[in-house]
Amino acid sequence: MRPVTESVLKSLDQIDSERSKYVLQTLIKTLHQYIDEVQLTQTEWETAIDFLTRTGHMCQGPRQEFILLSDVLGISMLVDEINHSQNEQQTPSTVFGPFFVAGMPTRMYGENIVEEGGDDLMPLLVQGNILDHDGKPIVGAEIEVWQTADNGMYSGQDSAQPPANLRGKFFSNEQGAYAFKSILPISYQIPSDGTVGELLNYAKRHFWRPAHIHFMIQAPGYQRLVTHLFIQGDEHLNGDAVFGVKERLIVAYETKLADANWTDFFEIKQPFHLIQYSFVLTKEG
Ligand SMILES: [Fe+2]
């Protein structure tokens with residue numbers, strides 16, 4: 001080990017939290033080792049500092065370039081993998097992504113999350129249950145959903161959309177069920193106007209993510225679940241720019257004619273798409 005590495009490690013010895021000390025000292029050890037291994041040049045160091053500085057400057061409100069960078073480098077999925085060892089029953093988790101916005105309105109069971117646009121598109125109804133490992137319904141689970149509009153952009157990215165467009169918070173009802181109306185999500189390209197765009201262009205990589213709806217589900221006593229539902233048949237399922245696709249999260253939609261069953265409750269008076277999917281949460285501890 002080089003003297004400078006030893007000195008820096010020693011300088012972190014007084015950190016009270018054993019965990020923080022371990023994480024930081026391991027970071028220094030690994031980073032120094034990496035720099036030594038590639039024999040980093042002064043110019044490369046300057047390029048790296050400039051890249052990270054500009055990445056920071058891109059971060060503002062809903063635009064989170066560092067999350068996007070973590071996503072395209074597979075770091076988000078690695079952290080997900082380490083922290084959510086999957087089992088047969090639990091719904092798999094996937095990337096959080098950079099486009100979540102907190103504080104969205106609470107909506108009623110079956111409410112439409114489309115506030116603007118999409119009038120000429122077939123409505124989509126998403127419906128299912130929130131369950132525990134034994135298949136018992138979880139009542140009052142909080143379900144945040146967010147997705148892109150039909151131009152492939154999220155509200156927050158696109159000033160033409162109202163802030164809560166295609167977003168909302170729901171609670172599972174007395175039967176543990178949730179439902180909302182929307183439109184089918186479409187595949188979209190992640191933002192290319194920042195440092196992540198530069199990196200992907202440099203590596204000759206594409207920007208596409210397959211169509212999906214984001215979910216964040218939490219209930220007292222259960223682990224929080226951050227996941228997506230991907231739409232079966234999407235041409236980008238095998239090449240997600242952020243490596244987030246998992247087989248069990250790919251869902252098919254049916255096309256249904258509006259009959260009394262649906263018309264009465266959900267007030268859908270025309271043919272519509274239907275996705276039925278139940279999420280399974282794991283107890284804490
Ligand atoms: Fe997304």
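The values are calculated or read from the model by the stated rules, or taken from the named source; none is laboratory data. Because the structure is predicted, anything quoted here is derived from the model rather than measured. Every residue, glycine as well, gets a Cβ built from its backbone with ideal geometry; the counts of neighbours run over all protein chains shown.
Among all positions in the stretch 230-241, there is at least one residue which is in contact (Cβ under 8 Å) with a residue 12 or more places away in the chain, in contact with a helix residue (DSSP H, G or I) (Cβ under 8 Å, 6 or more places away or on another chain) and closer than 28 Å to Leu69 by Cα. Taking residues in the stretch 3-25 that are assigned by TED's automatic domain parsing to the domain that holds Asp36, and partners anywhere that are part of a loop (DSSP other than H, G, I, E, B), the pairs with Cβ atoms closer than 7 Å and at least 6 places apart or on different chains are Lys21/Leu12; Lys21/Ile15; Leu24/Leu12; Leu24/Ile15; Gln25/Leu12.
Apart from one condition, Ile186 fits all of (1) within 14 Å of the ligand (Cβ to nearest atom); (2) in contact with a strand residue (DSSP E or B) (Cβ under 6 Å, 6 or more places away or on another chain); the exception is (2).
Taking the stretch 1-84 and the helices (runs of 4 or more DSSP H) fully enclosed by it, the elements with 3 or more residues that are among the polar types (S, T, N, Q) are at 3-11, 18-38, 42-58. Taking (1) closer than 17 Å to Pro185 by Cα; (2) part of a strand (DSSP E or B) in turn, Val245 satisfies each apart from (2). Arg209 fulfils the conditions (1) within 16 Å of the ligand (Cβ to nearest atom); (2) at positive phi; (3) basic (Lys, Arg) except for a single criterion, (2).
Taking the criterion of being in a loop (DSSP other than H, G, I, E, B), more than 14 Å from the chain's Cα centre (by Cα) and surrounded by fewer than 18 Cβ atoms within 10 Å (Cβ to Cβ), the residues of the stretch 192-224 that qualify are Ser192, Asp193, Ala203, Lys204, Arg205, His206, Phe207, Pro220, Gly221, Gln223. Screening the candidates Ser70, Ser85 for the property of being at pLDDT 95 or above, out of contact with any Gly (no Cβ under 8 Å at 6 or more places or on another chain) and within 26 Å of Val245 (Cα to Cα) yields one hit, Ser70. The residues listed here are Gly140, Gly156, Gly118; of these, the one that is more than 16 Å from the ligand (Cβ to nearest atom) and either modelled with pLDDT under 95 or touching a helix residue (DSSP H, G or I) at 6+ places or on another chain (Cβ under 8 Å) (or both) is Gly118. For the structure I just gave you, tell me whether Val145 is within 16 Å of the ligand (Cβ to nearest atom) and either farther than 25 Å from Gln276 by Cα or in contact (Cβ under 8 Å) with a residue 60 or more places away in the chain (or both). The answer is yes for Val145. Yes or no: the stretch 31-38 includes at least one residue that is under 26 Å from Val245 (Cα atoms) and modelled with pLDDT of 95 or more. Looking for residues that are under 26 Å from Val245 (Cα atoms) and modelled with pLDDT of 95 or more, one finds none in the stretch 31-38, hence no. Of all residues being within 30 Å of Glu198 (Cβ to Cβ) and touching a Lys or Arg at 6+ places or on another chain (Cβ under 9 Å) in the stretch 9-50, which is surrounded by the most Cβ atoms within 10 Å (Cβ to Cβ)? Just the residue, please. Top of the filtered list is His32.
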